[in-house]
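Down below is the structure, laid out as structure tokens.
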Amino acid sequence: MIQKDEDNEALYMETIKSYTKEELNELAKSLGALQLNVFDNPYSDILGEYFTQSITKGQNGQFFTPTHVCEMMAQMTVPNLEEEGKRILDPACGSGRMPLAAAKINHKNEFFGADNDQTCAKMATLNFFLNGLKGEVAWMNSLTMEWYGSWQINMNGLGIIPVEKEQSYIWSEAPKLKKSNINEDKQLTLFS
């Protein structure tokens, strides 16, 4: 039996207060349509397609990698993906297309994504959840390691759980460059 999460239940009840019954019914229909799409087209990115075509239209450089390119890159980048228990990370995941492409090869791995855009991080989180993937998505700057928030998906049961930085599997301190890492050839050794 799944235990009821009182905090999430309270958040849900507070969130829906401002919506009419008709609006909540439309939301339920939309979520149903998303889930049916996943059933018919597993590991597809209908959220990213809609976002690119109808919302950003390429503004802010937000063009998502085409699905067939993601699938090719997943096959080239992770040669032993058939093995279970691998951790797959996309540090600029957008709506999660690269991890979804890797999941087409083997969904029994753990999938991690990070994106600097909150909307993209939330789309990736929903894509992971709707496709039954296990992992985490962080809303963060992967270059500076500035962390804003994170969600674990299906890690301890079924669901999306917001987590603090200290609980995140993705976030870690960026390596610090020391003066002793600069050798006589002026070559930088960033990781020693």
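From the set of residues in the range 135-174 that are β-branched (Val, Ile, Thr) and surrounded by fewer than 20 Cβ atoms within 10 Å (Cβ to Cβ), which is nearest to the chain's Cα centre (by Cα)?
The residue in question is ILE160.
Exactly one of these conditions fails for LEU89: (1) in contact with a Phe, Trp or Tyr (Cβ under 8 Å, 6 or more places away or on another chain); (2) in a helix (DSSP H, G or I); (3) closer than 25 Å to VAL163 by Cα. Give me its number.
Failed condition: (2).
Answer yes if at least one residue in the range 86-102 is without any contact (Cβ under 8 Å) to a residue 60 or more places away in the chain and on the phi > 0 side of the Ramachandran plot, and no otherwise.
yes
Out of everything in the range 112-134 that is more than 8 Å from the chain's Cα centre (by Cα), within 16 Å of VAL38 (Cβ to Cβ) and of a type outside the set (A, V, I, L, M), what residue ends up being surrounded by the fewest Cβ atoms within 10 Å (Cβ to Cβ)?
Applying the filter and picking the extreme gives GLY132.
Could you check the range 19-45 and list, in sequence order, the residues that are in a loop (DSSP other than H, G, I, E, B) and under 24 Å from LYS104 (Cβ atoms)?
Passing the criteria: ASN41, PRO42, TYR43, SER44, ASP45.
Residue pairs, Cβ under 6 Å, 6 or more apart or interchain, first in the range 43-66 and under 17 Å from PRO91 (Cα atoms), second assigned to a loop (DSSP other than H, G, I, E, B) and at pLDDT below 75. List them.
Every condition considered, no pair remains.
Tally up the residues in the range 128-146 that are at pLDDT 95 or above, over 17 Å from ARG87 (Cα atoms) and outside any strand (DSSP E or B), please.
Matching residues across the range 128-146 total 0.
The values are calculated or read from the model by the stated rules, or taken from the named source; none is laboratory data. From a predicted model like this one, the values you see are computed outputs, not experimental measurements. Backbone-built Cβ (ideal geometry, glycine too); neighbour counts: all protein chains shown.
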